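Shown next, in structure tokens, is the structure this report addresses.
FYI, it's all coordinate maths here, none of it is from the lab. Computed from a predicted model, the values in this text were never measured in an experiment. Every residue, glycine as well, gets a Cβ built from its backbone with ideal geometry; the counts of neighbours run over all protein chains shown.
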Amino acid sequence: MKKLVFIALFLSVILSQAQNSYQTAPLINFDEYGSCGNLILQPLDLNPASASAYDAPGCMDLNAAEANDLWYKMRVPEGISELSFHVYNSDIIPMPISQAPSEIGLAVYDGNDSNELILNECFNSVFEDEFSNGEIRWATLSGLTAGDTLYMRVWDQNNAAQKLFLAVSERMEFPENYCETPASADAAVCNILSEPTDFTAPVECAYNVTDNPAFYHFTVTESSQQPVNIVLSNIIEYSFINEVSVNLQFALYSWNGEDCTNLGGGPMSDPPNTSGTYMGCASGSEEVVFTQNLDPGQYVFVIDGFSGLEGKSMFVADFNIVTTSVADFYGSTTNVYPNPAHEKFTIRFDDKNLNQAYHVEIYTAQGKCIIQQTIQKSTCVSTKNWEAGIYMIKMTCNGQTFTEKLVVY
């Protein structure tokens, strides 16, 4: 999964590089982004852009003297002859008369001979109405040669200043964008390549739209340890929305293994989901945890990011379904007592190796981490100021994780 060490630089230094001509176009590279696979994800800022000196041949009648554009270059990865191009998620808020929606243009050139770029293809954005920003999604370029240098030129056809994202993906489709075709739950999830769907989100979570959902499935067996704990961690968000504290929502449904029958929404939605398929949801920005006893069978979970008028949240996250008890690790056992607890409880480990250290995190039912602590043998925790409810105790040692549920009254 993509790990960003210099995440603060992502939206500052990269945006400030010289990009106003193909001669100064920065090289942007592919990297792995969870289940979205190998792709380029580049933030764009047309606010300081100026017209480049290069007159692009035959591209939607672009007037080079008037268009404020940005240039980037990339190299076609080994083993790849086809790529998908995306330009989307503008921060423009379309308003009648005063602000036209984003109307992006993208040109891709063969740049192996940089003295004369050869136009490969032009792509025009598509938008639904005057209140919706246009996007370029899944624009395909075939017949590529590994190692070739491509130049990408981006502009707004109305010269509107804006921020948005450029993505280039090795994947040519993203079936997990739809509940009919969920992907098998693996070690990481991603909604960067997702588009809007008509799937109804449960209002029980932080928000009630699904502008860019991604669907995954897993199976609970008779031998699965209970409760089942679903953990989304190491969440990395890509968005121009800074004021939102809850960015990732997660909803779980029992699944018939075939289609979307009875999926979507929750008991509080309009109309409500009364089918019994809705298992619950959780939301958060740093780590999202869902804990529940689940009957044997198949399940679908949908992840989505916060959406606003000025764009939507995209992210990658590590994914883990924890169904293993502590006794399966290192010959260890743990006691959380008393459980249910009232004013305090104790976590105690009995290890063959008494020097074993455990990192302990305690989460509310809403996924908020309230305690982080490293213990070696035992510790006593006060619950005097806790609200009554269910809490999850997550314990990690040497990269292995196990959980226990605590009830506080």
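A few comments on the model shown:
- Taking 0.36 nm per residue of sequence separation and removing the Cα-Cα distance, the Asn398/Glu286 pair yields an extension gain of 38.2 nm.
- Scanning residues 5 or more positions from Asn273 or on other chains, those with amide H under 5 Å from its amide H are Gly266, Met268, with H placed 1.01 Å from N in the peptide plane.
- On the basis of the beta-carbon distance and an R0 of 35 Å, Ser81 and Asp198 show a calculated FRET efficiency of 0.55.
- Subtracting the Cα-Cα distance of Thr181 and Glu130 from 0.36 nm times their residue separation leaves 15.2 nm of extension gain.
- Listed values for segment 277-291 are Karplus-derived 3J(HN,Hα) couplings in whole Hz (6.51 cos²θ - 1.76 cosθ + 1.60, θ = phi - 60°), namely 7, 6, 9, x, 8, 8, 8, x, 10, 10, 8, 10, 10, 10, 10, and x replaces Gly and Pro.
- Once the Cβ-Cβ distance of Asp259 and Glu116 is raised to the sixth power relative to R0 = 51 Å, the FRET efficiency obtained is 0.45.
- Taking each of Lys344/Lys377; Lys344/Lys368; Lys163/Lys368; Lys312/Lys384 in turn, the alpha-carbon distance tops 28 angstrom for Lys163/Lys368; Lys312/Lys384.
- For segment 70-81, putting each phi into the Karplus relation 6.51 cos²θ - 1.76 cosθ + 1.60 with θ = phi - 60° gives couplings of 10, 10, 9, 10, 8, 10, 5, x, 4, x, 10, 10 Hz, in residue order, rounded to whole numbers and with x for Gly and Pro.
- This model, with +1 at the C-beta of Lys and Arg and -1 at the C-beta of Asp and Glu, gives segment 175-322 a dipole about its Cα centre of some 180 debye.
- Put a plus charge on the Cβ of each Lys and Arg, a minus charge on the Cβ of each Asp and Glu, and nothing anywhere else: the dipole of segment 150-211 about its Cα centre is then about 380 debye.
- Segment 175-322: mean projected area of Cα convex hull, nm²: 8.1
- Under a model in which nothing but the beta-carbon of Lys, Arg (+1) and Asp, Glu (-1) is charged, segment 91-212 shows a dipole of about 260 debye around its Cα centre.
- Mean Cβ neighbour count within 10 Å, used as a protection proxy, ranking 136-146, 184-194, 387-397 highest first: 184-194, 387-397, 136-146
- Projected label distance in nm at Gln356 and Ser98, using a 7 Å step from Cα toward the beta-carbon: 6.2
- Label-reachable residues, segment 366-399, where backbone N falls under 19 Å from a point 7 Å from Glu343's Cα toward its Cβ: 379-389
- Residues whose amide H falls under 5 Å from that of Thr383, counting only those 5 or more places apart or on a different chain, are Lys344, Phe345, with hydrogens built in the peptide plane.
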